[in-house]
Amino acid sequence: MCSPEHFAVEYAINPWMDVTASVDPELSVKQWDRLRETLVGLGHEVHLLAPEPGLPDMVYAANGAFTVDGTVYGARFKHPQRTAEAAVHRAFYESRGWRFIAPNETNEGEGDFAYLPEAHGGLVLAGYGFRTELPAHAEAQEALGRPVVSLHLVDPRFYHLDVALASIDDGNIAYYPGAFSAASQRVLAQLFPDAVVADDDDALSFGLNLVSDGANVVLNNEATRLAGRLKAAGYTPVPVELAELKKGGGSVKCCVAELRP
Ligand code: ARG
């Protein structure tokens, strides 16, 4: 995770960002800190990246890389405003001995890649349409040695996979079908017949931008119906408030890069 000390909405690279809206820096840090404490309270270890001035989106740490079984497929950001973030993530992994594979193709890390170790023997789900480019999916497959299923995102409000789909345990997902092309919806229904499906309101309140450890699902507090559905499916929803960071177009999952050693 990376503290939103320098978080601001200084440019607009997704439909949620409004440069005229005011952001409360102290409140962003406070809400983010509650998220960090929540994860630690659930028994997870959280590593921190040092935030850098001039990189206001660094708080969305999920975009900096994608890891599977000790291998890191690095990010290459679409927008120049975020390009410099990739090197910070790379340094984090390289200084800790991870096997790092530098990308040639545009991709935004866990923003557009999800991993399900127990689905079909270990499956990567990958989004394209707005940020990550399709050739990056093939590059990720070669880097990670796992099958990559390409999913077409078609609604600009769901510009990253991780705002429309999340792994809720090692083999299952929650998702919002409306974010995907009709063909990709069929693919998801075929691969995940038992998925938890979110409605428009829960998806638009970033409910799917969640982090799950397979039992506890940390998600935006506004996604109340999704929380109910997760509960009915046997998970424990853990709501958190992240209203300030929503102004940048992200929530829980965007703030967390998961480490898969
Ligand atoms: N403002 C950031 C951007 O548009 C938000 C990134 C959200 N992160 C995520 N994993 N979806 O790039």
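What follows draws every value from the coordinates through simple rules; no lab data is involved. Bear in mind the structure is a predicted one, so any value in this text is a computation, not a measurement. Counting neighbours? That spans all protein chains shown, and the Cβs are built from the backbone with ideal geometry, glycine included.
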Original post:
So what's the Cα pair-distance distribution over the chain, bin width 5 Å, in %?
Top reply: 1, 6, 14, 19, 22, 19, 13, 5, 1, 0
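With a cut-off of at most 16 other beta carbons within 10 Å, and DSSP calling the residue loop, which chymotrypsin sites (Phe, Trp or Tyr not before Pro) in the range 157-204 qualify? Please list them.
Numbers: sites: Phe158, Tyr159, Tyr175, Phe180; in loops: Tyr159.
Those that pass, being in a loop and sparsely packed, number zero.
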Original post:
Over what distance in Å are the Cα centres of the range 168-183 and the range 30-81 separated?
Top reply: 22 Å
Original post:
What ranking do 189-195, 132-138 get when scored by the average of other Cβ atoms within 10 Å per residue, highest first?
Top reply: 132-138, 189-195
**OP:** Report the one residue of Val72, Phe7, Gly41 whose Cα lies farthest in the direction of the positive end of the charge dipole of the range 1-74 (charges on C-beta: Lys and Arg +1, Asp and Glu -1; origin at the Cα centre).
**Re:** Gly41
Subject >> Cα centre as origin, Lys/Arg/Asp/Glu Cβ charges: the chain dipole, Debye >> reply: 260 debye
**OP:** Please label the shape of the range 1-97 as rounded, prolate or oblate, based on the square roots a ≥ b ≥ c of the eigenvalues of the alpha-carbon gyration tensor (a/c under 1.5 means rounded; beyond that, a/b larger than b/c means prolate, else oblate).
**Re:** oblate
Original post:
Rg to Rh for the range 111-261: what is it, with Cα atoms only and Rh by Kirkwood?
Top reply: 0.93
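Using DSSP to define loop residues, name the chymotrypsin sites (Phe, Trp or Tyr not before Pro) in the range 1-46 whose beta-carbon has at most 15 other beta-carbon atoms within 10 Å. Don't skip to the answer; put the middle values down first.
Working: sites: Phe7, Tyr11, Trp16, Trp32; in loops: Phe7, Tyr11, Trp16.
Answer by residue number: Tyr11.
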Original post:
What whole number of Å gives the distance from the Cα centroid of the range 140-158 to the Cα centroid of the range 189-204?
Top reply: 17 Å
Original post:
How would you rank Asp112, Asp169, Asp24, going from fewest to most other Cβ atoms within 10 Å of each one's own Cβ?
Top reply: Asp24, Asp169, Asp112
**OP:** Report the full-extension gain for the segment Ala243 to His44: residue separation times 0.36 nm, less the Cα-Cα distance, to one decimal in nm.
**Re:** 69.3 nm
Subject >> Inter-label distance for Val197 and Asn104, nm, one decimal - labels placed 7 Å from Cα along Cα-to-Cβ >> reply: 4.1 nm
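Which value, in debye to the nearest 20, gives the size of the charge dipole of the range 1-140 about its Cα centre, when Lys and Arg are +1 and Asp and Glu are -1 at the Cβ? It would help to have the intermediate numbers written out before the result.
Values: 10 positive and 20 negative charges, 42 e Å.
That gives the range 1-140 a dipole magnitude of about 200 debye.
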